[in-house]
Each structure stands twice: as C-alpha cells, then as structure tokens.
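Asker: Sharing a structure here in structure tokens format.
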Amino acid sequence: MTTEPDDTEQQPAAAAARYTAEWQLFLDWCATIGRTPLPADLDTVHAFLVACPAQPATQRRRLTAIDHHHRAAGHPPPARGGALRDLVRGRPARPARRPLDPAAVDTALRRLPASGWTRGWFGRRDRALLVLAAADIPYRHLAQLTAADITINRGAATITTPAGDVQLAATDQAWACPACAVTAWMDLLYLEATRGTRQVAHVLHYADPLHAGIPHNCYSPRPPDWTGDAIPLLPPIDQHGWTPLDRPTGLSRQSISHLARQAAAGTHQPHRDIPPPASGQQPIEFTDEVLAPTLTYDIQQWQHGIHQRHAAREQLANIGDALDDMDTRIAELEARTKQLLEQGGRVQHT
Ligand SMILES: [Zn+2]
C-alpha cells in the first residue's frame with residue numbers, strides 16, 4: 001500500500017518540484033473555463049477533479065499540488081467537502097439529496113396532526129421537521145440546531161444555520177403555513193422545557209384539530225435571545241411522549257431524513273390519541289388558537305424548568321444508587337446465611 005503525503009509542509013521544495021505538472025494542469029483547466037485558480041474554492045477544485053478523471057493516487061497528488069500552491073501564496077488550502085473526499089478516495093459520489101416535492105409537503109401539512117396526545121406531539125415536531133427539510137437545510141445542520149437558532153417575527157421563521165440564515169415565510173393558509181408549523185413547535189418546546197411534558201399533553205389533548213380557517217400564529221414575535229441554546233430543536237420522542245430535552249442530543253440526521261421522507265410521502269407512523277397523564281398541577285386552559293399569543297418567553301421560567309428536569313434526573317440517579325446499595329446488602333446477607341447454614345450443618349453432624 002502506498003501513501004501519498006496530503007500536505008507539503010514538511011518538504012515544500014521537493015513537493016513543489018514533484019507536483020509542477022499537476023499544478024500546471026489545474027492552471028490550464030481554470031484558464032480554459034474561466035475559473036479562478038488562486039485562491040480556488042471548493043466548487044472549482046471539485047469541478048476540476050470531475051472534469052479530469054484519474055486514479056485516486058493521481059487525484060490526491062493534484063490536491064496536494066493545489067494545497068501547496070495556496071499555502072505558498074499565503075492562502076488557506078481550499079475547503080474539502082464530502083464529495084471531494086469521496087472523489088479523492090476513489091469512492092463513487094454520494095447520491096445528491098433529492099428535494100422534497102412542494103405539493104407533497106403542502107398535502108402532508110394538512111394531514112399531519114397538531115392536536116391530541118401523543119399524536120399532536122409527534123405531529124407538531126414532524127410538521128416543523130418537514131418544512132425545515134423542505135427548505136433544503138442540510139440534515140446534518142438540522143441535527144445540530146437548538147431552540148435558540150429560531151426566531152419568529154412578522155410572519156416569518158428565521159433559522160440560523162451553520163451555512164447562513166434561512167427564512168420560511170408565511171403562506172396563505174395557516175394550517176399549511178411553514179412559519180406557523182415552526183412557531184407551533186417552538187411553543188410546545190418552550191412549554192416542555194418550562195412546565196414539563198404533562199402540561200404539553202394537556203394542551204395537546206384540549207387543542208382543536210387543524211382546519212382550513214385557523215388563524216396564523218407566526219406574526220407574534222418570539223424574542224431571538226431566549227435561552228434555548230441547550231435544547232435540541234428536533235429531539236427524539238419515545239412512545240410515551242417523553243423527550244430527553246435536558247440532554248443535548250437531537251434526532252440524528254438519518255432519522256431526520258427518514259422522518260421527512262415518511263411525512264412527505266404520507267407514510268408516517270400513526271401515534272396514539274390517549275388521555276394525558278395525570279398531573280398534580282392545574283392544567284393550563286388554552287386552546288390551539290390562544291396558545292401562541294398568550295405564551296411569553298420568560299427566561300427565569302425556562303431555567304426553572306430545566307433545573308426541575310435536572311433535579312428529577314438526579315433523584316432517579318439516587319434511586320439507582322439506593323438499589324445498588326440494597327443489592328450489595330442482600331448479597332452480604334446471603335453470604336452470611338450460607339455461612340451460618342454451613343456452620344449449623346457441621347454442628348448437626350458432629
Ligand atoms: Zn403562519
């Protein structure tokens with residue numbers, strides 16, 4: 001197995017001499033099709049390697065030459081995306097992500113539930129997930145987003161992604177409005193983090209089903225500086241409706257891709273509509289219509305909710321410790337009993 005150096009910092013002069021032909025080919029190709037060779041962007045380098053097919057070892061030498069000449073001229077080497085790495089390793093290019101059909105997304109938004117427990121909890125998450133996926137935000141970015149990356153204002157949801165801001169504008173009908181889908185999910189996330197899952201269940205249980213005449217909720221501002229940066233925007237939900245919101249893990253990009261395609265195809269898994277779990281607290285009396293305008297993002301309340309969830313987790317951890325202690329004690333008693341029985345046996349036989 002031969003290995004190619006992937007940078008030339010250690011022996012710049014030797015590498016430069018060795019890769020002159022590769023660099024010259026790149027310069028010629030750029031000149032022919034009007035691309036800038038120095039500094040070159042990812043797209044140019046990728047297009048060059050695709051246009052001039054060669055063995056992986058040759059492609060790696062070309063990349064080394066390009067990187068070297070960038071460094072020598074005081075530029076950082078061009079970025080390396082996944083497709084470029086695949087090319088250089090001789091792997092077939094990954095299939096490009098197929099965009100979701102806008103008509104299918106629109107139909108799915110009218111069909112995915114936004115009320116009922118646990119149905120509406122999954123439904124609202126997947127409505128938000130669907131409109132975000134339909135906006136062509138990479139799944140790997142969706143997997144990283146937190147509640148703090150969303151701003152709602154004046155009929156638009158702004159999503160701050162690593163690749164820049166994406167805006168989802170309101171459409172005519174609220175029940176198929178992408179900005180409303182995100183807003184309705186943000187309201188539930190906030191409720192979950194501040195008041196807990198039981199309150200989410202009560203709100204969803206009493207919420208009106210979606211229908212054509214519902215008003216938009218995406219015009220009411222949600223402050224951009226709420227402290228939701230530790231809350232994954234798209235958390236997993238278990239069959240009972242519980243989410244691991246106080247742990248910084250969202251759905252994986254594979255799960256997001258899978259759920260988006262299922263939702264758009266109308267093959268999403270149906271979820272139950274059952275009475276909400278019993279709660280010692282008085283449920284909040286609000287319907288789907290009044291949910292958004294009456295909720296205000298209170299940072300104190302948010303943090304209180306997070307602390308409560310952490311406290312609950314610690315209490316459960318203590319129960320685990322107690323059970324461990326009991327196990328140890330039982331093992332000790334068993335050993336002691338066995339010892340006594342053996343001693344007793346010896347006494348009987350003597
Ligand atoms: Zn709307």
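The values are calculated or read from the model by the stated rules, or taken from the named source; none is laboratory data. Remember, it's a predicted structure, so these values are computed and weren't measured experimentally. Note: ideal-geometry Cβ built from the backbone for every residue, glycine included; neighbour counts use all protein chains shown. Areas reflect the complete protein model, heavy atoms only, side chains present, ligands, DNA and RNA absent. Shrake-Rupley method; radii C 1.70, N 1.55, O 1.52, S 1.80 Å.
Asker: Kindly rank 253-266, 29-42, 122-135 from highest to lowest mean number of other beta carbons found within 10 Å of each residue.
Answerer: 122-135, 253-266, 29-42
Asker: Go through the range 213-221 residue by residue and turn each phi into a ³J(HN,Hα) via Karplus (6.51, -1.76, 1.60, θ = phi - 60°); whole Hz please, and just put x for glycine and proline.
Answerer: Working through the residues one at a time gives x, 5, x, 5, 10, 8, 8, 7, x Hz.
Asker: Report the label-to-label distance for A31 and D43 in nanometres (one decimal), using points 7 Å from each Cα along the Cα→Cβ vector.
Answerer: About 2.4 nm, to one decimal.
Asker: Given contacts defined as C-alpha pairs under 8 Å and at least six residues apart, what's the relative contact order of the range 102-297, whole-number percent?
Answerer: Computed over the range 102-297, the figure is 32 percent.
Asker: What is the range 102-297 by shape, rounded, prolate or oblate, if you read a ≥ b ≥ c off the alpha carbon gyration tensor as root eigenvalues and call it rounded for a/c under 1.5, prolate for a/b larger than b/c, and oblate otherwise?
Answerer: rounded
Asker: Measuring with a 1.4 Å probe in the full set of protein chains, what accessible area per residue, in whole Å², belongs to the range 102-297?
Answerer: 42 Å²
Asker: Still on this structure, I have one more. Starting from a Cα-only point model with no solvent, please compute log10 I(q)/I(0) by Debye for the range 12-88 at q = 0.28 1/Å.
Answerer: For the requested q values the scattering log ratios are -1.60.
Asker: Let me ask you something else. Under a plain spin-label model, where a point goes 7 Å from the Cα along Cα-to-Cβ, how far apart in nm are T160 and A104?
Answerer: Each label point is offset 7 Å from its Cα along the Cβ direction, giving 3.3 nm.
Asker: Give me the percent of accessible area attributable to carbon and sulfur for the range 58-121, probe 1.4 angstrom.
Answerer: That share works out to 55 percent.
Asker: To continue, here is another question. What does the charge count near A21 come to, summing +1 for each Lys or Arg and -1 for each Asp or Glu among other residues with Cβ under 13 Å from its Cβ?
Answerer: +1
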